[in-house]
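In what follows, a single structure is set out as structure tokens and then discussed.
Rule-based calculations on the coordinates, nothing more; no lab input. From a predicted model like this one, the values you see are computed outputs, not experimental measurements. Note that each Cβ is placed from the backbone with ideal geometry, even for glycine, and that neighbours are counted across all protein chains shown.
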């Protein structure tokens, strides 16, 4: 809390107190015995209670002063009568003409002065407050007035008056307890960086006394409520403090179940007889974030963030909380009169608070009508729980789903409908203040895009190479700094594949023997060889074991020799075998053959086995697909 110190003078530097011998005083200039003496103090002079204008101090009934004679011995003078604004004190001193010194109050004065120029008194570290007046200090088990004042003067042996001047030794630290705090504070502790209470030493070496305090004395003063009250009522109170320059202080307010505090770095004080006004105290809470959570719908979709800050700085006063991100942008502002501030995911500007560290400031108006801004501990917002669903399919995906018809309608080398869905509300995705990117990868190629939807879809991936391994269509979504990744695994097997007819352009090779590529077919044979002639494709397939396949074929055998055969294999597994034991004529072998692969197949082979002469095989059609 920021404190502005205002200074007032509560005692004029030269307030007069008339000290005189009474008419019946017996003064023996040669004797050192104690003789009666009267001190008469006027009401407009230094006093023990403050006047309404804070400029004079007047005596009150019951005051006692200590008078030191030349032997530095303390003598007690007591008030004896009051009236017409005058108070008389009577006591005894040694009859001498040497100067003497006086100090108020008697109870706090040292038993003997250190020298003719030095006095000592104890400023209590525990004081009891007096509304609009000086506090009383705790001495042993008794509270006594503690507005310490000192004076010195000369005595005339003929009994004529000798005037002296009382000087206030302490400075006052004034504050008020406002209505809202009344009845709550049980004690107040004032703490400074230097000693402020304990034994004071007053030196009269110069015209004006100089008061000092040793650093070994107390740096704290505890102020208790007024007599008869367990707590401080509304009102104005003073702490009596050694006249030291203060370079900052703190005050703590014990309210029983809770202790409040304030501090100041202001530099002030050091002038005895001055009032330094601290203004009204505030029982200032440091608010705290008592609830912060990300909000989701029934489908676990992120909707935003709710936030509750509890503990009003001052009861019953409006206050505001600003939450700022690392760049200093305010992401949430809460204002209310009351104990707690709550904002929810419907906040128009920042419905969602991204994960990260935030500075939090709260602002309120003090009892002294000053706008105070203070910081709360740094706020760490956790990452939300986001899910990402990734999808895509291939011909083999459809087959695995039991839809061979759909599988055979697909292109053999295409990954269809790559897409993703992020569990973030669409309304958040359209807000440009939140970063939002999707990075997708397939077959080593990565593309990053900025999307304004939580369910983007992209163009199909075409000409994806056949692979023995599953492809992972991977997506990483980043929303407002929180990343989540997922993938969909798909397979490119090479099915369905339509070779009508097989051609060198479609990846077939002359693996062995006499193979001719003709218009509309491929011919195997037409020579007197006993070895099989074959065409082979070994690069366009990688079909896993257990796949149910179908071969739609059209093969013609030219029978120029007996036992002419032709077959089609996937890997080592024979799918179709055409044979004829007769001579001459061409025989068409057509149909659809379905079977289950017994092992992984990475190649397809067409073979023809011949006797002699013009025996050959013509292959018109080979269409490999998923079995239906």
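Structure notes:
- A simple packing score, the average count of other Cβ atoms within 10 Å per residue, orders the peptides 438-445, 619-626 as 619-626, 438-445, with the highest score first.
- Summarising the label geometry, the points placed 7 Å from Cα in the beta-carbon direction at residue 472 and residue 214 lie 7.7 nm from one another.
- Most to least packed among 539-545, 491-497, 448-454 [average Cβ atoms within 10 Å]: 491-497, 539-545, 448-454
- A full extension of the chain between residue 600 and residue 417 corresponds to an added length of 63.2 nm, given 0.36 nm per residue minus the alpha carbon distance.
- Three-way shape label, the range 409-568, alpha-carbon gyration tensor, a/c 1.5: prolate
- Per-peptide average of other Cβ atoms within 10 Å, ordering 252-261, 585-594, 388-397 highest first: 388-397, 252-261, 585-594
- Additional length obtainable on full extension of the chain from residue 446 to residue 259, 0.36 nm per residue less Cα span: 61.4 nm
- If you take the alpha carbon atoms of the range 388-490 and fit the smallest convex hull around them, that volume is 100 Å³ per residue.
- Rounded, prolate or oblate (a/c below 1.5 giving rounded, otherwise prolate when a/b exceeds b/c) for the range 109-249 by Cα gyration tensor: prolate
- Relative contact order (%) - criterion: Cα under 8 Å, at least six apart; region: the range 288-381: 26
- The range 288-381: C-alpha gyration tensor shape, a/c 1.5 cut-off, then a/b vs b/c: prolate
- Projecting label points 7 angstrom from Cα along Cα→Cβ for residue 483 and residue 310 puts them 3.7 nm apart.
- Rel. contact order, % - alpha carbon contacts under 8 angstrom, at least six apart, the range 388-490: 33
- Stretchable slack from residue 229 to residue 61, in nm (0.36 nm times residue separation minus alpha-carbon distance): 58.2 nm
- Packing-based exposure ordering (other Cβ within 10 Å, fewest first) of 533, 274, 558: 274, 558, 533
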